[in-house]
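Data block below; observations after.
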Amino acid sequence: MNVIEIKPDIFWVGAVDWAVRDFHGYVTPGGTTYNNYLIIDEEVTLIDTVKHDFLEVGVSNVKSLIDPARIKHIVINHIENDHMGALGRIMEIVPFDVTIYATKNGKAGMARFFDTSKWHIQVVKTGDELKIGKYTLLFIESPMIHWPDSMMTYVKEAKLLLSQDAFGQHMATTARFDDEFIDCASITELEDATIDYYANILMPFGKLIQTKINEIKKMGLEIDMIAPDHGIIWRRNPVRAFEMYLDMAANKARERVVIIYDTMWHSTEQMILPLMRGMRDEGMDCKVIKLRATPMSVAIKEFWKARACLIGSPTLNNEVFPSIAEFIVHLRGLRPKDRLMGAFGSYGWGGGAVKWLYEKFKGMKLPVIEPGIQVQYMPSVEDNENCYEFGRNFAKEVRKYNKSFLEAGASSL
Ligand code: FEO
């Protein structure tokens with residue numbers, strides 16, 4: 001992709017990764033981008049780099065605009081490999097006295113990736129400014145959104161927030177802006193990718209995100225563009241990005257039950273139809289995810305979008321089914337909140353999976369409807385009736401549980 005001027009003399013110089021399908025274990029069916037930016041002002045400033053695999057693309061993009069020897073400042077908003085990976089090589093082609101700007105944690109972390117002993121690294125904190133000519137950069141620390149080193153850079157005169165991972169999406173497109181994107185896809189797709197990114201990466205940090213967005217609002221910054229380090233730049237509607245993040249940080253969700261399951265001989269799977277009939281008869285929206293047929297990150301996103309979740313697992317050797325255990329480990333790390341949980345499953349001669357699931361739900365401090373429901377070998381006619389009743393009752397409980405969230409303000413997601 002060619003460089004793109006996103007604001008006067010501010011250029012996107014990043015790389016589009018059309019092929020990546022596994023982003024450190026996160027499935028990315030739509031690829032991703034590594035966005036970084038070059039500000040050609042009196043003092044030329046590079047904001048972030050690209051993943052090291054795309055070093056040549058990133059360097060040639062910069063060279064298509066200026067001689068890298070003109071770079072005076074490099075801002076590192078985030079030290080994860082996909083944004084700082086190319087820094088070592090970049091430092092070989094810029095003047096030796098270039099100044100790098102990073103948070104205190106950013107500087108310390110940088111020294112774990114590179115020999116920084118000869119680099120000039122300036123530690124910055126929230127409120128610090130750097131005047132580079134007609135533009136002024138204002139630094140805003142954002143620790144744990146999503147690493148300890150993270151920060152954002154606001155270009156005051158351009159009303160541009162360079163937000164690093166926050167507000168990003170994993171999607172590779174020729175469009176760079178939300179208004180262009182709408183021509184080739186849909187706003188729903190962009191929003192779904194934003195939810196996907198938040199659910200899989202930022203879910204644990206909702207409180208910090210709320211605090212940070214409110215802090216930015218209090219700072220009175222005018223923002224007419226949000227340029228993250230992945231995916232689409234929010235130009236048509238940056239307010240929507242804030243609105244979505246505030247809703248997600250408040251754990252808002254759709255009034256829906258997502259059924260996430262796996263099965264051995266289809267017995268656990270057969271329980272789903274009567275469960276769903278019961279929920280549908282109560283008017284509850286349902287979605288079904290078979291775990292072995294679905295990427296983990298998609299299952300996490302669908303979990304996050306729904307107010308409630310039923311997890312189905314057969315018992316295998318007195319244990320939960322392995323794919324379900326993997327999902328639970330993944331989910332536990334994301335520290336989900338405010339989702340009503342239940343479990344179901346089949347067993348042969350001794351149960352175990354449903355009990356195991358309830359222990360894990362409670363360990364995550366998630367509210368539960370218990371006991372769950374189990375069948376031996378294959379669901380009988382009576383089992384099917386019990387599943388139907390369980391589904392009806394679960395839907396009623398979800399509706400009751402979701403009421404307080406609706407009263408606090410409907411989700412815009
Ligand atoms: Fe896109 Fe936290 O790196």
Give all pairs with beta carbons closer than 6 Å in which a residue from the stretch 1-30 that is more than 27 Å from LYS134 (Cα to Cα) meets a residue that is part of a strand (DSSP E or B) and of a type in the set (S, T, N, Q); count only pairs at least 6 apart in sequence or on separate chains. VAL16/THR33; ASP17/THR32; VAL20/THR32
Among the residues of the stretch 53-79, what is the count of those that are within 16 Å of the ligand (Cβ to nearest atom) and within 21 Å of LYS118 (Cα to Cα)? 5
Taking GLY14, is it on the phi > 0 side of the Ramachandran plot and not aromatic (Phe, Trp, Tyr)? no
In the set PHE181, PHE139, PHE114, the lone residue that is among the aromatic types (Phe, Trp, Tyr), more than 16 Å from the ligand (Cβ to nearest atom) and open to solvent by 10 Å² or more (accessible area, probe 1.4 Å) is PHE114
Being assigned to a helix (DSSP H, G or I) and more than 16 Å from the ligand (Cβ to nearest atom): is that true of THR188 here? yes
Just name the residue that is most open to solvent (accessible area, probe 1.4 Å) out of those in the stretch 124-136 that are β-branched (Val, Ile, Thr) and within 27 Å of the chain's Cα centre (by Cα). THR126
Which residues, taken from the stretch 321-356, are open to solvent by less than 10 Å² (accessible area, probe 1.4 Å), of a type outside the set (Gly, Ala, Ser) and under 15 Å from LEU291 (Cα atoms)? ILE324, PHE327, ILE328, LEU331, PHE344
Tell me, which residue of the stretch 99-116 that is in contact with a helix residue (DSSP H, G or I) (Cβ under 8 Å, 6 or more places away or on another chain) and not in a strand (DSSP E or B) is nearest to PRO8 (Cα to Cα)? MET110
Helices (runs of 4 or more DSSP H) wholly inside the stretch 304-413 containing at least 1 residues that are under 30 Å from THR188 (Cβ atoms) and in contact with a helix residue (DSSP H, G or I) (Cβ under 9 Å, 6 or more places away or on another chain): 322-333, 381-407
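The values are calculated or read from the model by the stated rules, or taken from the named source; none is laboratory data. Owing to the predicted nature of the structure, the values given are computational and were not obtained by experimental measurement. All Cβ positions, glycine included, derive from the backbone under ideal geometry; neighbour counts span all protein chains shown. Surface accessibility is based on the protein's heavy atoms, side chains included, excluding ligands, DNA and RNA. Shrake-Rupley method; radii C 1.70, N 1.55, O 1.52, S 1.80 Å.
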